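First up is the structure itself, then whatever we jot down about it.
The values are calculated or read from the model by the stated rules, or taken from the named source; none is laboratory data. Worth saying up front: this structure is predicted, and the values here are computed from it rather than measured. Neighbour counts run over all protein chains shown; Cβ positions are idealised from the backbone, glycine included. In case anyone asks, the SASA skips ligands and DNA or RNA and just uses the protein heavy atoms, side chains included. Shrake-Rupley method; radii C 1.70, N 1.55, O 1.52, S 1.80 Å.
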Amino acid sequence: MKQLLQASDRMPRDRLAELVSAASYGSVLVLAALSVIGVSEVALGHGAELVAGVGLATWLAHIFAELLGGHARHPEPLRRSEVMRALVDGSPILASTVLPATVLLLGRLDVLTDNTARIVAVLVAVLQLFAIGAFVARVAPAPPAASWTFAVATAGIGVAVVALTALLGH
């Protein structure tokens, strides 16, 4: 965590904001995907595939949107550096899927029971949101109590968004 904070100190704020946005967006989408995965989908391996697929599709959509938006701002042809930046800026979306998908895969491989894998994957995704909130609280310094409140609120808002998504989808 210390290295991450040191690296973030050297990073421009707008760039850091892009990475934090992508990480939080990816984690919320993972939670949304997990809300529709049943125990039988875990057993068949479809849960891990769905989470990974949501991450990949969202990452590709992010790249597409970033490049279109960039081209609208600056109408000259895209440069390789702009494409690379879009790829990196969206990478936290992909990264947010790795742990939950791996946990679901452990269910598929019978290392964990299917129900346990599903529950642990949800907990991992919520903890990711909490960690993002804690990171932002550290980057934008506040009193310790406020930092913890911010981290918990970040995870809570993410869970609320997923609950709303699940309610509207069912």
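Looking at (1) open to solvent by 90 Å² or more (accessible area, probe 1.4 Å); (2) in a helix (DSSP H, G or I); (3) modelled with pLDDT under 90, can you tell me which one residue 49 breaks?
Looking at each condition in turn, residue 49 falls short on (3).
Please go through the stretch 72-95 and pick out each residue that is among the aliphatic types (A, V, I, L, M) and either within 22 Å of residue 20 (Cα to Cα) or touching a strand residue (DSSP E or B) at 6+ places or on another chain (Cβ under 9 Å) (or both).
83, 84, 86, 87, 88, 93, 94, 95
Does residue 164 satisfy the condition of being open to solvent by 70 Å² or more (accessible area, probe 1.4 Å), hydrophobic (A, V, I, L, M, F, W, C) and over 16 Å from residue 51 (Cβ atoms)?
The answer is yes for residue 164.
From 96, 24, grab the single residue that is open to solvent by less than 20 Å² (accessible area, probe 1.4 Å), of a type in the set (S, T, N, Q), part of a helix (DSSP H, G or I) and under 27 Å from residue 168 (Cα atoms).
The match here is 96.
Checking residue 113 against (1) hydroxyl-bearing (Ser, Thr, Tyr); (2) more than 17 Å from residue 22 (Cα to Cα); (3) open to solvent by 40 Å² or more (accessible area, probe 1.4 Å); (4) in contact (Cβ under 8 Å) with a residue 12 or more places away in the chain, only one condition comes out false. Which one?
(4)
Being in a helix (DSSP H, G or I) and farther than 21 Å from residue 53 by Cα is the filter; apply it to the stretch 74-93 and report the residue that is most open to solvent (accessible area, probe 1.4 Å).
Among them, the one singled out is 80.
What are the residue pairs meeting all of these: first residue in the stretch 44-63, first residue closer than 24 Å to residue 84 by Cβ, second residue outside any helix (DSSP H, G or I) and open to solvent by less than 30 Å² (accessible area, probe 1.4 Å), Cβ atoms under 6 Å, and 6 or more apart or on different chains?
59/90; 62/90; 63/90
Of the numbered conditions (1) within 18 Å of residue 44 (Cα to Cα); (2) in contact with a Lys or Arg (Cβ under 8 Å, 6 or more places away or on another chain), residue 89 fails exactly one; give the number of that condition.
Only one criterion in (1) within 18 Å of residue 44 (Cα to Cα); (2) in contact with a Lys or Arg (Cβ under 8 Å, 6 or more places away or on another chain) is unmet by residue 89, namely (1).
Just a yes or no: is a residue in the stretch 99-112 over 13 Å from the mean Cα position of the chain (by Cα) and more than 24 Å from residue 49 (Cα to Cα)?
No, the stretch 99-112 has no match at all.
With the condition kept exactly as written, say whether any residue in the stretch 61-70 is open to solvent by 80 Å² or more (accessible area, probe 1.4 Å), under 21 Å from the mean Cα position of the chain (by Cα), more than 19 Å from residue 126 (Cβ to Cβ) and at pLDDT 90 or above.
yes
Hey, can you tell me all the residues within the stretch 41-56 that are within 13 Å of the chain's Cα centre (by Cα) and among the aliphatic types (A, V, I, L, M)?
51, 52, 54, 56
Residues checked against (1) within 18 Å of residue 38 (Cα to Cα); (2) β-branched (Val, Ile, Thr):
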position: 59; (1), (2): no, no
position: 68; (1), (2): no, no
position: 82; (1), (2): no, no
position: 90; (1), (2): no, no
position: 95; (1), (2): no, no
position: 110; (1), (2): yes, no
position: 121; (1), (2): yes, no
position: 132; (1), (2): no, yes
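Under the condition of being under 27 Å from residue 34 (Cα atoms) and of a type in the set (Ser, Thr, Tyr), which residue from the stretch 134-156 is surrounded by the most Cβ atoms within 10 Å (Cβ to Cβ)?
Checked the stretch 134-156; the qualifying residue surrounded by the most Cβ atoms within 10 Å (Cβ to Cβ) is 154.
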